[in-house]
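Below you'll find the structure I mean.
Bear in mind that the values in this text are calculations on the coordinates, not laboratory data. These numbers were taken from a predicted model, which means no experiment stands behind them. Don't worry about glycine lacking a Cβ; one is built from the backbone with ideal geometry, like all the others, and counts go over all protein chains shown.
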Amino acid sequence: MLRILPLLLVLALTIYAFIDCLNTPEEDVRVLPKPVWALLILLLGTALIGPVAWLIAGKVRHGGGGGGAEDGSPRPRGGQRRQRFVAPDDNPDFLKSLGDETRRRREEPQDTEDPGKQAPRDEKRERDEDTPEG
């Protein structure tokens, strides 16, 4: 097992670096074009040169420290604001819409009967209304 462990670690690092390279936006890749980095990682992966070079020099790393937004997230270049996914329970607009919907339901008049159930028809009354009085 100890003989296989270094090989598994090299393989894991190579796979991680390759996937990281493929998922990195083109504008964040440094020094070489993205396809060249992918080839270097795959061809020199067994010697650890390709993956380590990618992790050190191939990608712009956004540190947790200065230069980012107040919440520590990296600030995109060019003054653009990057859209992040916000879970529904953290989204203030979604929570507000839930509150509005709940308030609206409370204000609506509610029937005591089951809404799917229709009121029973009074056939005698309908017959009496259909016949002319006289």
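Cα-Cα pairs above 13 Å in region 8-61: how many percent? Can you show the working numbers first?
Numbers: 678 of 1431 pairs.
For region 8-61, the share of Cα pairs beyond 13 Å comes to 47 percent.
Using R₀ = 25 Å, calculate the FRET efficiency as 1/(1 + (r/R₀)^6) where r is the Cβ-Cβ separation of L11 and K34; round to 0.05.
Efficiency for this residue pair is about 0.70.
A follow-up question, please. Mind listing the long-range amide H neighbours of K59? Cut-off is under 5 Å, sequence gap 5 or more, other chains count too, H placed in the peptide plane at 1.01 Å from N.
Those qualifying (amide H under 5 Å, at least 5 residues apart or on another chain) are R30.
Hey, another quick one. Modelled label-to-label distance, R61 and I19, 7 Å Cα→beta-carbon offset: nm?
If labels sit at R61 and I19, their model points lie 2.0 nm apart.
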